[in-house]
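As structure tokens, the structure follows; a few thoughts come after it.
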Amino acid sequence: MKSYSVTDVGQKRRENQDYVYASEQPIGNLPNLFVVADGMGGHNAGDFASCLAVNVLVEAAKKDMSFNPIKIIRHAIETANEQVYEQARQDPSKAGMGTTLVVVTIVGYYAYVANVGDSRLYMSDQHALTQITRDHSWIAEMVRRGELSREEAKNHPDKNIITRAIGGAESVSIDFFDVQLEEESKIFMCSDGLSNMVEDEKIQEILSSSLDIEQSASQLVDLANDNGGKDNISVIIIEPFTNEVKEC
């Protein structure tokens, strides 16, 4: 396995409210763990929410005695939600804070994915880029109901309004996905500061090029900034089987 993560403040924001976590090593009973969080809230609250959520999630995963990856991730996300919600409730300066989360662990030839909000996880190979997660946003819901076209959604003024967030309520609804991996599969995770600034076709072009994952991630961040950099930008790229020895 090989991974690379990067986060950037972008061109318009003064502070970075994104938070990324990448471990190729075991976290408790998970063989590895990767997380992108995009915080929201007033001054300092967004970066506090994303940092708190990820740190609580990681600590909860370390302590979980289950061997079921979905159960471990579910419990860790629920624990993170409780902590962020409670902090927002107790501290008036942090009222209304929250964060997105997209999480993955890779077990053998399967990726176990969870998401809350509109940070994304994609699968890429030489032929296609496929979005695995579903955005929890008002505009994405309208597109799914057929009330808005994808083209109309791209530039809609309300496209950043999310319908689910960690810390937004006392309990949280989480989407889960399991994806079978191929030898050439790459996993691409990002905050909306990347996905709103760079078209999927361009993401796939870069991921399927001869660039290594560090170069690919850097080029994608640069491209998001060149296109306006309107939000914080975070990227994780994972090659699950890069260092595997192929059997004859």
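Could you tell me how many of the residues in the range 182-215 are within 20 Å of V36 (Cα to Cα) and either in contact (Cβ under 8 Å) with a residue 60 or more places away in the chain or surrounded by fewer than 17 Cβ atoms within 10 Å (Cβ to Cβ) (or both)?
Going through the range 182-215 one residue at a time, the tally reaches 18.
Taking the stated definitions as given, is I236 under 17 Å from the mean Cα position of the chain (by Cα) and more than 22 Å from E15 (Cα to Cα)?
No.
Listed here are the residues, each with its yes/no results for (1) at pLDDT 95 or above; (2) within 19 Å of A114 (Cα to Cα); (3) β-branched (V, I, T).
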residue	(1), (2), (3)
S173	yes, yes, no
S218	yes, no, no
D222	yes, no, no
K230	no, no, no
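List every residue pair whose Cβ atoms sit under 8 Å apart, with the two residues 6 or more apart in sequence or on different chains, where the first one lies in the range 43-55 and is touching a residue at least 24 places away in the same chain (Cβ under 8 Å) and closer than 21 Å to G28 by Cβ and the second, anywhere, is assigned to a helix (DSSP H, G or I) and of a type in the set (V, I, T).
Listed by first residue and then by second, the contacts come to L52/V84; A53/V84.
Under the condition of being in a helix (DSSP H, G or I) and either hydrophobic (A, V, I, L, M, F, W, C) or more than 25 Å from D178 (Cα to Cα) (or both), which residue from the range 129-149 is modelled with the lowest pLDDT?
Ranking the candidates gives W138 first.
In the range 66-110, which residues are of a type in the set (S, T, N, Q) and either surrounded by fewer than 24 Cβ atoms within 10 Å (Cβ to Cβ) or farther than 20 Å from V36 by Cβ (or both)?
S66, N68, T79, Q83, Q87, Q90, S93
How many residues, within the range 11-45, are part of a loop (DSSP other than H, G, I, E, B) and either within 11 Å of N232 (Cα to Cα) or of a type in the set (K, R) (or both)?
The total comes to 7.
Condition first: buried (at least 17 other Cβ atoms within 10 Å of the Cβ) and modelled with pLDDT under 95. Now tell me which residues in the range 21-45 satisfy that.
Listed by number, the residues that qualify are M40, G41, A45.
Being more than 16 Å from the chain's Cα centre (by Cα) and among the basic types (K, R) is the filter here; which residues of the range 39-78 pass it?
Selection gives K62, K63, K71.
The values are calculated or read from the model by the stated rules, or taken from the named source; none is laboratory data. Just so it is clear, the structure is predicted and the values come from calculations on it, not from any experiment. Because the Cβ atoms are built from the backbone with ideal geometry, glycine has one as well, and the counts that use them run over all protein chains shown.
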